[in-house]
């Protein structure tokens with residue numbers, strides 16, 4: 001085998017590993033929008049603590065804080081989790097991801113908002129995967145952290161879910177779920193900001 005073939009083989013191997021790295025370290029999200037909603041009236045949002053991932057207590061609060069900062073970064077006026085928790089605790093309403101048609105009006109009035117973001121963490125993991133894509137080659141192991149969550153935007157007057165999103169982020173490294181969650185939160189915040197700016201009535 002000549003040197004050019006060896007070099008081209010190494011280039012291809014490097015390219016495939018890079019593609020695997022790019023595919024793994026990304027963020028994705030899907031959204032649902034209630035038809036006919038006028039998003040122009042939702043000029044301020046309260047972020048409630050999300051429900052924790054079952055094996056990771058505190059993950060819900062951590063992601064709520066990350067999400068609030070992402071919303072602010074994308075131009076959305078958001079009341080962060082610490083403020084909402086303080087106000088709700090004063091009224092003996094420790095609401096962690098639990099808001100429905102009966103509680104939404106009272107919570108919205110207390111927080112001075114027309115809509116609330118609530119939800120839950122559905123993934124919080126740190127694993128080692130083989131990103132080698134060349135058949136027969138030695139394994140190329142890499143630690144990957146991932147975080148995923150589901151969100152609901154609830155109208156405080158009607159208690160209806162007017163927007164929802166499921167998002168997931170991943171990154172390299174052990175115990176880097178917060179970084180992965182940041183990627184997912186940025187994706188969602190961008191999505192929601194566009195929706196609010198457009199005032200969509202789909």
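Read-outs: derived from the displayed coordinates by stated rules, not from any lab. These figures come from a predicted structure and were not determined experimentally. Here the Cβ positions follow ideal geometry from the backbone for every residue, glycine too, while neighbour counts run over all protein chains shown.
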Residue 198-residue 80 FRET efficiency (beta carbon distance; Förster radius 25 Å; 0.05 resolution): 0.55
Separation between Cα centres of region 122-153 and region 35-82, rounded to whole Å: 25
Computed lengthening from residue 28 to residue 101, 0.36 nm per intervening residue step minus Cα-Cα distance: 23.4 nm
